[in-house]
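The values are calculated or read from the model by the stated rules, or taken from the named source; none is laboratory data. What you see is a predicted model; the values in this text were computed from it and never measured. When we count neighbours, we look across all protein chains shown, and the Cβ atoms used for this are built from the backbone with ideal geometry, even at glycine. Please note that ligands, DNA and RNA were not included when accessible areas were found on the heavy atoms of the full protein model with its side chains. Shrake-Rupley method; radii C 1.70, N 1.55, O 1.52, S 1.80 Å.
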Amino acid sequence: MKKKRHFKHLPLLFVLAVLIPSVFLSIIAIRAASQEEASIERGLQRSLDAELTSTVSVVRAELGRMETELMNSSPKDFSEDPAVVFHQWKDRSNLVRIPFLLSANFEILWPRLDASPSADDMAFLNWNRDFVTDRAAIPYYQNIAFLYKDQLNEEGADLDSFKTGLVKETAEAEQKPGKVVGRMSAAQPAVAKSHVGDEAAAERPKTEELQVQQRAMEQFEKDKRFREKVFDVAEQKGQKAEPRTVTPTTSSDPEERTNAEPQRSIFISEPKKFSDITSDKDSGIFPRFIEEKLTLMFWRRSPGGQIIGCVLGDDEFRARLLSLLPDVYSPARILTILNENGHPLLTPEEDSMGQRDWRFPFAAREISEILPRWEAAAYLSDPDIISSRAHTTRLILWVLIAIFFLSIMTGGFYVLRSLRSEMALALQKTTFVANVSHELKTPLTSIRMFAEMLKERRQPDREKQEKYLGLMVSETDRLTRLINNVLDFSKMEKGKRDYKIKRLDAAFLVEDMVESQRIRLEHNGFSIACNNDMGQMWVDGDEEALKQAVLNLLSNAEKYSSSDRSIDVEITGTEDRVLINIKDRGIGISPAEAKKIFREFYRADESLTSKVRGSGLGLTISQRIIQDHGGDIRHIPREGGGSIFQLSLPRKGRS
Ligand code: ADP
């Protein structure tokens, strides 16, 4: 019973120590595998975004350089004819396309209609006359994040109070026209200085300002709710947020793409007259859309208050920006700059416009308030790259999970199996010690009892005295057999048992053993018969060992008997084998038990062993002895109940 209880914990141990942890680990691994696509997507997005950010800062730096170049090269002295001066300016910088000169009161001094204007000059006057003379306003672009950077930088800013605060300030500002709007005033000069300044100041704060601007952008991008509020406030103040020309999306599904919500540009515009644009700084570049085409205008105030400026050459500034682009193609992605119409500045050869939809980049960044609607955009060369990469990684992960799970389960199974058999063996050894002690004690007790009786002459009856002596001898035999079994077993375990082999008659040996046991068996109510229809049966063997093997079988026939106490020993054989069948009508052995009875220490179930004592070594030893003689023992269920143990040995000639 105890044995059963021990083993009951093993499946529980298996579940707790092996099954649950491996299922748990497998679930984690499976979850990681299923999120693989998203994580590859995030990784790609991060790396492309980093590339875009650096592209954007390179372009911005170039815009700054262009402004410096125009400022340095712009004419300082207008005592000469403007036509000559401007011609020289064009020679000094090929960014200059249409130069112009305004008085401090915004009167056009150049180009002049009476000085044979070129076609460019005419076009300039046509498009810009009202604007440069300060009669009409144009949309002026500013970075919303930078405009509201003070609010954005306040950690945990209270959105509602921020919003109402700004609306109130807007109302106040409207009552005092001309003044820069409320809380914007702090940001405004800084914005202005970002692409303006006198020559010395222009260089120094530029990188610093870029950093501030970048921080403000990060803040702005971080909090979507806050972003929405800022846009709302900007709109209430009449600042216009146009939709971006692209919709960055990771999806390659056309339907999902068209449903993707268009984002608002961070470069918001509000109408401004030239006097507003030039009011608080000395120079600058700003964009101007003419028939939906972006042109850039440079201006600078001269010490006399005049305004010198130019329209930049389109091809030149576009070419300069293009030259800054990193490798447009890499095996994984295409990185390009899209212009105001959403077309790439450089069309990749293998991607004719028809094939790729430039509106849906994998990642994109707006560039600058000087280049509104322009985007630095990155596209995956192969749109299926993510899913195919994820597929491969998932496959590998699944195979690994399967191998991992299988090896844990197999390992666990084998560990438990060996644990189980080790435990069973340990238990059998303990039972063995208990059984052997009992086996030793029982005959010793009776020998001592009879010996004392005879010594004290308490039994005068001669016949009884003889009987006691006989019992003492048979008990001594039992003891000897048990001790021999134990000793032989330990010798066999160490591989030390020596046999004294000689040619002997197995039939005689068996008959002799039966006769030696007959008196005792008959005394105990058994009938024993020995049939030999073969005569002498010669074998090569160790007499004592073979006797021990037969004796163990006879003793078992006696021990595991039932009400029918008859034992038949049959000596038979073939030309080359000697067969000895020891048949009983005892309790029999079930087929399941029959497989185990030859194992060391194995004894049939507890209820049996409680009645019949034994060491579990008898059959083990008998089988080893017979196998060492080139034979074998097998168990055959006997028809009509009981068992047959068949002992077979190689048959030899007489000498
Ligand atoms: P022991 O008899 O000391 O227990 P054995 O190795 O001789 O050890 O026998 C192993 C087991 O085989 C016994 O416990 C018993 O259950 C079974 N067995 C052996 N011989 C017989 C038999 N003749 N009839 C029924 N069961 C037997």
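Here is a yes/no grid of residues against (1) assigned to a helix (DSSP H, G or I); (2) under 30 Å from Phe100 (Cα atoms); (3) at pLDDT below 90; (4) not acidic (Asp, Glu):
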residue: Ile20; (1), (2), (3), (4): yes, no, yes, yes
residue: Glu37; (1), (2), (3), (4): yes, no, yes, no
residue: Ile40; (1), (2), (3), (4): yes, no, yes, yes
residue: Asp77; (1), (2), (3), (4): no, yes, yes, no
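Conditions tested, residue by residue: (1) more than 22 Å from Asp564 (Cα to Cα); (2) away from the ligand (no atom under 11 Å from the Cβ); (3) open to solvent by less than 20 Å² (accessible area, probe 1.4 Å).
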| position | (1), (2), (3) |
| --- | --- |
| Val612 | no, no, no |
| His629 | yes, yes, yes |
| Ile633 | yes, no, yes |
| Pro637 | no, no, no |
- [ ] Would you check which residues across segment 526-564 are farther than 25 Å from Arg651 by Cβ and either of a type in the set (Asp, Glu) or open to solvent by 50 Å² or more (accessible area, probe 1.4 Å) (or both) and list them?
- [x] Ser527, Glu558, Lys559, Tyr560, Ser563, Asp564
Task: Hits in segment 228-276 - residues which are loosely packed, with under 15 Cβ neighbours inside 10 Å and in contact with a Gly (Cβ under 7 Å, 6 or more places away or on another chain) - done: none
Task: Hey, Ser555 within 13 Å of the ligand (Cβ to nearest atom), modelled with pLDDT of 90 or more and on the phi < 0 side of the Ramachandran plot or not - done: yes
TODO: Looking for whichever is open to solvent by 60 Å² or more (accessible area, probe 1.4 Å), more than 24 Å from Arg518 (Cβ to Cβ) and in contact (Cβ under 8 Å) with a residue 12 or more places away in the chain here; the options are Leu440, Leu444, Leu469, Leu487. Which one fits?
DONE: Leu444
Open item on the list: Take the residues in segment 490-522 that are touching a residue at least 24 places away in the same chain (Cβ under 8 Å) and either farther than 22 Å from Val539 by Cα or under 60 Å from the mean Cα position of the chain (by Cα) (or both); name whichever of them is most open to solvent (accessible area, probe 1.4 Å).
Closed with: Ile519
Open item on the list: Looking at segment 554-590 only, could you name the residues that are of a type in the set (Gly, Ala, Ser) and assigned to a loop (DSSP other than H, G, I, E, B)?
Closed with: Ser561, Ser562, Ser563, Gly586, Gly588, Ser590
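Of all residues in segment 291-310, count the ones that are in contact with a strand residue (DSSP E or B) (Cβ under 9 Å, 6 or more places away or on another chain), open to solvent by 10 Å² or more (accessible area, probe 1.4 Å) and not in a loop (DSSP other than H, G, I, E, B).
Of all residues in segment 291-310, those in contact with a strand residue (DSSP E or B) (Cβ under 9 Å, 6 or more places away or on another chain) come to 294-302, 306-310.
Now restrict to residues that are open to solvent by 10 Å² or more (accessible area, probe 1.4 Å): 295, 300-302, 306.
Filter again for not in a loop (DSSP other than H, G, I, E, B), leaving 295, 300-301.
Residues meeting the conditions: 3.
Quick check on my filter: what residues within segment 332-362 are at pLDDT 75 or above, under 41 Å from the mean Cα position of the chain (by Cα) and not hydrophobic (A, V, I, L, M, F, W, C)?
Keep residues of segment 332-362 that are at pLDDT 75 or above, which gives 332-345, 357-362.
Keeping just the survivors that are under 41 Å from the mean Cα position of the chain (by Cα) gives 332-338, 342, 344, 357-362.
Of everything in segment 332-362, those that are at pLDDT 75 or above, under 41 Å from the mean Cα position of the chain (by Cα) and not hydrophobic (A, V, I, L, M, F, W, C) turn out to be Arg333, Thr336, Gly342, Pro344, Asp357, Arg359, Pro361.
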Task: The listed residue being within 9 Å of the ligand (Cβ to nearest atom), touching a residue at least 60 places away in the same chain (Cβ under 8 Å) and among the small types (Gly, Ala, Ser), out of Ser648, Ser622, Ser561 - done: Ser622
Open item on the list: Given the condition open to solvent by less than 20 Å² (accessible area, probe 1.4 Å), within 11 Å of the ligand (Cβ to nearest atom), aliphatic (A, V, I, L, M) and closer than 15 Å to Phe645 by Cβ, answer yes or no: does some residue in segment 576-596 qualify?
Closed with: yes
- [ ] Restricting attention to helices (runs of 4 or more DSSP H) lying wholly within segment 161-258, give those where 1 or more residues are modelled with pLDDT of 75 or more.
- [x] 199-222, 224-236
TODO: Quick one: Asp533 ticks every box in (1) within 16 Å of the ligand (Cβ to nearest atom); (2) over 26 Å from Thr620 (Cβ atoms) except a single one, so which number is it?
DONE: (1)
